[in-house]
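Q: Handing you this structure, nothing more for now.
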Amino acid sequence: MSLLLQISQLPKLHRRCNQAYFFSSGKTQNFHSFPDNNGDPMYSDVPKPRTDKSQRKPYPTPMKELIKRAKQEKELRKSQPCRLLEHPPANGLLVPELVDVAHRVYRARELILSGLSKLLQFIPVQRCRFCYEVHIGNVGHEIRTCTGPKSGSRSATHVWRKGGVGDVIFFPKCFHLYDRVGKYRVVHDERHSAPRIPAILELCIQAGVDVENYPSKRRTKPVYSIEGRIVDFESVAGMDEMETNLFFENVDDTEVDVLRRDPNSELNAEDANLIELSTRTLDSWFEMIGGVRKIMEKYNVWTCGYCPEVQVGPKGHKVRMCRASKHQSRNDLHAWQEATINDLVGPNYVWHVHDLNGPPLRNDLKRYYGKAPAVVELCVQAGAPVPDQYRSMMRLDVVPPERDEVDLVA
C-alpha cells in the first residue's frame, strides 16, 4: 500500500522539480528586461512616492538600532543621574565645523531662488491643476499619472497651468525655536504665536546663522542633564525680553519666502549668459544639498510618519494638527520619526524632455523616458551640463521610438 502511494506522488514531484528548475535557471533573466508599472527595474534609482498613504514611512535607521540607543541612554541616566553634557549640539553649544557649512547653505538657498526666478523667464514650467505633478517644457506631457480629484473621469490625464518657483523646489515649514535646548517643543496653545519658517532656514539658524527677525539663544557654557531633564545654570541678561519680542511681535513668515529680486525683473548684465546662470544655480543646488546632509548628521530633524510635517530640534512639536492616517488614535499628534534629506528639501522628480520644442511625451512611451529633480531638469534645459550622478536616471542613452515604430519595438 505504501509503495502504491509513493508511485502516485511521483508525477507531482516531477512537476515541482521542473518548476523549481525553470525559475532558478538563467531563462528568467529575460523577464526583467520588460519593465512594468509596479516594479520597474529601469527606474529603481528614482524614489517612488508611497502608494498606500495609510502605511507609515520607512525608518531611515532600523528599529533594532533605535531600541538599542534608547536602552543605552536609559542605562546612562541611571548610572549618572546628574552629568554635564559634553558633545554639541546636545549641550546647547554650536558645532564649530558646521557654522561655516550653515552659512554656505543659507547663501546657496538664496542663490537658487534668485536663479530659478530668472530662469523661469526663458524656460516654461507647467503644473497640474489637480495634483502636484510638474513638467518642464512648453506643453505638458500626456503621461497619465494624475491622482487628483476626479482623475478617474479624465483617465488620469493632467490638466496643465503655468507654474512658478514654488513648484520647482519646495521647502516645507516648521516652527522656529528660540532656545533649542531649554524649550525645544512648541505646545498646541502656542501654534499661532510661534513663527513658522522654512525648515532648511531653521536648520541653518540652529547651526549658527543669525537672522535678524528670528533670534536664537547662543550659549557659552554647556548644559546639565539631571535625570533626563535639561538644566541650564547660565544666566543670560535680557532673555525674557527677547522671548517676549519673539512670540508677540511675530513677523509674517511669508517675508522669509519672498524672493530677493531686483526691482527690474530683467536680467542683470552679469547674468546675460543663460548657460552661466543655469550652471551657477545647479552648483548652488549641489552645495545646498551636500551642506544639509552634513548638518543633519549632527542636528536632529524630525518628520511625521504619515504626513509631510517636519520639525528641526531635539524633539518634534506637540501641536495637534495631523490629519493623516490614524490621527484619531494619536489625538491629532504627529508620529515623529527621523527625517531624510527628501523630507527637508522636496526634489520633485519630473520627466526629462530631450527637445523642448518637440511633441509632448506620450503615455505609451513612458518606459523610454527618464526623470530628474525639477531643479536639475530646469538647469539642464537652460544649458547647464548634465550632472554625472543623474545621467542614468535621465536615460540619456535611450532613444524613444517614433509613433510608427512603437509596434516594432519589443
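Q: Tell me which residues, restricted to segment 143-198, are among the β-branched types (Val, Ile, Thr), under 24 Å from the mean Cα position of the chain (by Cα) and closer than 19 Å to residue 320 by Cβ. Please lay out each step first, then the result.
A: Going through segment 143-198, the residues among the β-branched types (Val, Ile, Thr) turn out to be 143, 145, 147, 157, 159, 165, 168-169, 181, 186-187, 197.
With the extra rule that they be under 24 Å from the mean Cα position of the chain (by Cα), the set shrinks to 143, 145, 147, 165, 168-169, 186, 197.
Passing the criteria: only 186.
Q: Turning to a different aspect of this structure: Of all residues in segment 292-347, count the ones that are surrounded by 18 or more Cβ atoms within 10 Å (Cβ to Cβ) and acidic (Asp, Glu).
A: 2
Q: If residue 133 passes every condition in (1) charged (D, E, K, R); (2) out of contact with any helix residue (DSSP H, G or I) (no Cβ under 6 Å at 6 or more places or on another chain); (3) surrounded by fewer than 19 Cβ atoms within 10 Å (Cβ to Cβ) but one, which one does it miss?
A: Single failed check for residue 133: (3).
Q: Tell me which residues, restricted to segment 395-410, are open to solvent by 100 Å² or more (accessible area, probe 1.4 Å) and on the phi > 0 side of the Ramachandran plot.
A: Here is the first cut: in segment 395-410, the ones open to solvent by 100 Å² or more (accessible area, probe 1.4 Å) are 397, 399, 402-404, 407-408.
None; the set is empty.
Let's see how each residue does on (1) within 23 Å of residue 308 (Cα to Cα); (2) among the β-branched types (Val, Ile, Thr); (3) modelled with pLDDT under 90:
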residue: 164; (1), (2), (3): yes, no, no
residue: 187; (1), (2), (3): yes, yes, no
residue: 191; (1), (2), (3): yes, no, no
residue: 215; (1), (2), (3): no, no, no
residue: 233; (1), (2), (3): no, no, yes
residue: 236; (1), (2), (3): no, yes, yes
residue: 245; (1), (2), (3): no, no, yes
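Q: How many of the residues in segment 64-92 are without any contact (Cβ under 8 Å) to a residue 40 or more places away in the chain and assigned to a loop (DSSP other than H, G, I, E, B)?
A: The number of residues fulfilling the criteria is 2.
Q: Of the residues that make up segment 143-152, is at least one outside any strand (DSSP E or B), open to solvent by 40 Å² or more (accessible area, probe 1.4 Å) and touching a residue at least 40 places away in the same chain (Cβ under 8 Å)?
A: Taking segment 143-152 as the starting set, the residues that turn out to be outside any strand (DSSP E or B) are 143-152.
If we keep only those that are open to solvent by 40 Å² or more (accessible area, probe 1.4 Å) too, we end up with 144-145, 147, 149-150, 152.
So of that shortlist, the ones also touching a residue at least 40 places away in the same chain (Cβ under 8 Å) come out as 144.
Yes - at least one qualifying residue is present in segment 143-152.
Q: Give me the strands (runs of 3 or more DSSP E) completely within segment 160-212, filtered to those with at least 2 residues that are open to solvent by less than 10 Å² (accessible area, probe 1.4 Å), ordered by residue number. Please lay out each step first, then the result.
A: Working: elements: 160-162, 173-175, 196-198.
The strands (runs of 3 or more DSSP E) meeting that bar are 173-175, 196-198.
Q: Right, another one. Please go through segment 362-394 and pick out each residue that is open to solvent by 50 Å² or more (accessible area, probe 1.4 Å), under 21 Å from the mean Cα position of the chain (by Cα) and within 21 Å of residue 276 (Cβ to Cβ).
A: Correct list: 388 only.
Q: Kindly evaluate residue 105 against the criterion of being open to solvent by less than 10 Å² (accessible area, probe 1.4 Å), closer than 29 Å to residue 222 by Cβ, under 21 Å from the mean Cα position of the chain (by Cα) and touching a residue at least 24 places away in the same chain (Cβ under 8 Å). Let's see the steps before the verdict.
A: Working: open to solvent by less than 10 Å² (accessible area, probe 1.4 Å): yes; closer than 29 Å to residue 222 by Cβ: yes; under 21 Å from the mean Cα position of the chain (by Cα): yes; touching a residue at least 24 places away in the same chain (Cβ under 8 Å): yes.
It is true that residue 105 is open to solvent by less than 10 Å² (accessible area, probe 1.4 Å), closer than 29 Å to residue 222 by Cβ, under 21 Å from the mean Cα position of the chain (by Cα) and touching a residue at least 24 places away in the same chain (Cβ under 8 Å).
Q: A further question follows. For residue 63, work out the one condition from (1) open to solvent by less than 60 Å² (accessible area, probe 1.4 Å); (2) more than 19 Å from residue 291 (Cβ to Cβ); (3) hydrophobic (A, V, I, L, M, F, W, C) it doesn't fulfil.
A: Here residue 63 meets the rest and fails (1).
The values are calculated or read from the model by the stated rules, or taken from the named source; none is laboratory data. Since the structure is predicted, the reported quantities are computational estimates derived from the model, not experimental observations. FYI the Cβ positions are ideal-geometry reconstructions off the backbone, even for glycines, and counts take in every protein chain you see. Heavy atoms of the whole protein, side chains included, go into the accessibility calculation; ligands, DNA and RNA do not. Shrake-Rupley method; radii C 1.70, N 1.55, O 1.52, S 1.80 Å.
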